1. Return yes when residue 18 is closer than 23 Å to residue 109 by Cα, assigned by TED's automatic domain parsing to the domain that holds residue 103 and surrounded by fewer than 13 Cβ atoms within 10 Å (Cβ to Cβ) and no when it is not.
2. Residues 10, 24: which one is farther than 26 Å from residue 136 by Cα, touching a strand residue (DSSP E or B) at 6+ places or on another chain (Cβ under 8 Å), surrounded by fewer than 22 Cβ atoms within 10 Å (Cβ to Cβ) and touching a residue at least 24 places away in the same chain (Cβ under 8 Å)?
3. Failed condition for residue 68, given (1) surrounded by 19 or more Cβ atoms within 10 Å (Cβ to Cβ); (2) part of a loop (DSSP other than H, G, I, E, B), with all others met?
4. Among (1) crowded, with 18+ Cβ neighbours inside 10 Å; (2) over 13 Å from the mean Cα position of the chain (by Cα); (3) in the same structural domain as residue 57 (by TED's automatic domain parsing), which single condition is residue 113 missing?
5. For the stretch 27-60, which residues satisfy the criterion of being assigned to a loop (DSSP other than H, G, I, E, B) and surrounded by 16 or more Cβ atoms within 10 Å (Cβ to Cβ)?
6. Out of the residues in the stretch 116-126 meeting the condition of being surrounded by fewer than 18 Cβ atoms within 10 Å (Cβ to Cβ) and either within 23 Å of residue 62 (Cα to Cα) or not assigned by TED's automatic domain parsing to the domain that holds residue 73 (or both), tell me which one is nearest to the chain's Cα centre (by Cα).
7. So residue 127 fits all but one of (1) touching a helix residue (DSSP H, G or I) at 6+ places or on another chain (Cβ under 6 Å); (2) more than 26 Å from residue 38 (Cβ to Cβ); what number is the exception?
């Protein structure tokens, strides 16, 4: 594939319809999650074909007619908890050479417009909460909300990016007709720190102690290193330790009513008393 990176202004996003397009999209997603065939591909062409045929969303980003990213999502039905029709964006990715230049944002905005044209005003998706650049993008660039921490959400994953790393995910909810950008209040207490070796350092020894300490503050912080992808490659035991540390802090805080209100540029989650 051509490795020349294109700025967002040169990126075109369009929905896909043919079997050939779906096959190419599946290949692009495989190259993102399992480069060089080193793991299981995340999506089969046949599934993308079936999703699109059933009226769901499948699109790709193109630069000079080269496919550089792909997205697929499906509708979620109303439920007894009061949820209305929504779009669940299951997978979205951009080839590494084209990341960080706005193609991902262009894809999300295209999906947003597609949903609004069909009367759908809520989109949800999951992301790995250890990847701070994605947290920052979701909360601040898009103005979406992190509404739930989901331990072991996908079970054991077999793609090259996630294999052996656990599958905790954070659920994002994006109100498409009224996005709310994240805030950056100053935390009164940091409950999870990073030591000089990049190892997690919880401020308290137990969940009960952490929740009791947090009760004295309106905003608390959870630091996460911005180098998690590098740690996964070079020190997988360190990234696994971060998976456990963030789970043991964020999950009980959110269960106790704390709400994620932002992510700082340095990689600290901010949680506000609910």
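1. Numbers: closer than 23 Å to residue 109 by Cα: yes; assigned by TED's automatic domain parsing to the domain that holds residue 103: yes; surrounded by fewer than 13 Cβ atoms within 10 Å (Cβ to Cβ): yes.
Yes; evaluated as a whole, the condition is true for this residue.
2. Working: 10 fails: farther than 26 Å from residue 136 by Cα.
Result: 24 is the single residue among 10, 24 that is farther than 26 Å from residue 136 by Cα, touching a strand residue (DSSP E or B) at 6+ places or on another chain (Cβ under 8 Å), surrounded by fewer than 22 Cβ atoms within 10 Å (Cβ to Cβ) and touching a residue at least 24 places away in the same chain (Cβ under 8 Å).
3. Every condition holds for residue 68 apart from (2).
4. (1)
5. Of the stretch 27-60, the ones assigned to a loop (DSSP other than H, G, I, E, B) are 34, 38-44, 54-56.
Passing the criteria: 34, 39, 41, 42, 43, 56.
6. Here the residue is 116.
7. Status for residue 127: all satisfied but (2).
Residue-wise test of (1) touching a helix residue (DSSP H, G or I) at 6+ places or on another chain (Cβ under 6 Å); (2) within 17 Å of residue 141 (Cα to Cα); (3) modelled with pLDDT of 95 or more.
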residue	(1), (2), (3)
42	yes, no, no
62	no, no, yes
86	no, no, yes
102	yes, yes, no
107	no, yes, yes
112	no, yes, yes
121	no, no, yes
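The values are calculated or read from the model by the stated rules, or taken from the named source; none is laboratory data. Only a predicted model underlies this, so the values are computations on that prediction, with no experimental measurement involved. As a convention, Cβ positions derive from the backbone with ideal geometry for all residues, glycine included, and neighbour counts pool all protein chains shown.
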